[in-house]
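Since the structure comes first, as structure tokens, the remarks are kept for the end.
None of the figures in this text is laboratory data; all of them are computed from the coordinates on show. As the structure is a prediction and not an experimental result, all values here were calculated from the model. Positions of Cβ are backbone-derived with ideal geometry, glycine not excepted, and every protein chain shown enters the neighbour counts.
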Amino acid sequence: MLVIKHLDSIGNAAGDTAVFTITATNTGNVVLRTVAVADTMSRLDGFVLASPATVFQSNSAGSPEGTLAPAEVASWTVQYVLTQEDIDAGGISNQAVVSAKTPVGATISDVSDDNGSGDSDPTLAPIGAIPGMAVVKSVNTPRILFPTVEQATFTITVRNTGNITETGLGLVDDLAAFLAPATLDPDYPVTVGVTGFGAGTANPAYDGTAVTQVLAAMPRCNRGKPGRCRSRWLIPLPWAHRAARISPAPPPEKSPRLRRRTRSL
Ligand SMILES: [Ca+2]
């Protein structure tokens, strides 16, 4: 008996379906009975998945299911819906074992090969990684909190537009050039909220100028689920108007008076 497993089609994203066809050819000279197929599937990283169902399709000479005449070919199909973990692992591997009884009651079996030229190579179904990221930054309408201080909230949205889970994510947001030659008042530290990143939190040391890494612990970004970072800034005027209008500002007044007024609040 010769068993071959063929990959018919596969997608490249979670939710796509992989389709395999298994064929078993009776290469002997006697009729085989109680022909049965068992299927095993794993990820390319070695993780063993639950065995998918095999669906009998036909016997080439018309024998009933479970019986195989000499030279007859039985075929089954396997359909499997890919998960994100399968994509992240680089694909799946599939192999079938077909067993049968001879007329004298002996059991024979064959482990599937991927193309019939080898002995029993597993049928590999690699899935290429298509990494992609999209980042959008926006600002609310800043509001005056005090005569000398304006509040602005920036929102950074990170979308994983690829087909794999992105890990070790870094997000750098540097406002030093935006504010220059002004500087932020250390009396008003930035507050940062992070949502949507897997296991992601805000970097407590982030200050927007000297320390520009927003995220702590280098989290992951799941496909299709955006991560968001909202940072709230209290910006000493008048430079805050640059944030409000996103337009060229007049020469900043680097005024000791301003700093004193800010601190006096
Ligand atoms: Ca084999």
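Order of S60, S117 from fewest to most other C-beta atoms within 10 Å?
The order, fewest Cβ neighbours first, is S117, S60.
Got a sec? How would T54, T157 order by Cβ neighbour count within 10 Å, fewest to most?
Ordered by Cβ neighbours within 10 Å, fewest first: T157, T54.
What is the list of residues in the stretch 147-167 whose amide nitrogen lies under 19 Å from a point 7 angstrom out from the Cα of I130, following Cα to Cβ?
Within reach of a label on I130, which here means backbone N under 19 Å from a point 7 Å along Cα→Cβ, the stretch 147-167 contributes 159-167.
Which ³J(HN,Hα) values in Hz, rounded to whole numbers, follow from the phi angles of the stretch 132-144 under the Karplus curve 6.51 cos²θ - 1.76 cosθ + 1.60, where θ = phi - 60° and Gly and Pro get x?
With the stated coefficients, the stretch 132-144 comes to x, 9, 10, 10, 10, 10, 9, 10, 6, 7, x, 10, 7 Hz.
How high is the FRET efficiency from A177 to A216, r the C-beta distance, R0 25 Å, rounded to 0.05? Mind showing how you got there, number by number?
Working: r = 24 Å, r/R0 = 0.94.
The calculated FRET efficiency here is 0.60.
Between A50 and E85, 0.36 nm times their residue separation minus their Cα-Cα distance comes to what?
Separation in residues times 0.36 nm, less the Cα-Cα distance, equals 11.2 nm.
Write down Rg/Rh for the chain, rounded to two decimals, with Rg from the C-alpha atoms and Rh from the Kirkwood relation over Cα pairs.
1.35
Distance in nm between label sites at T17 and I144, each 7 Å beyond Cα in the beta-carbon direction?
Going from the T17 label point to the I144 one covers 6.4 nm.
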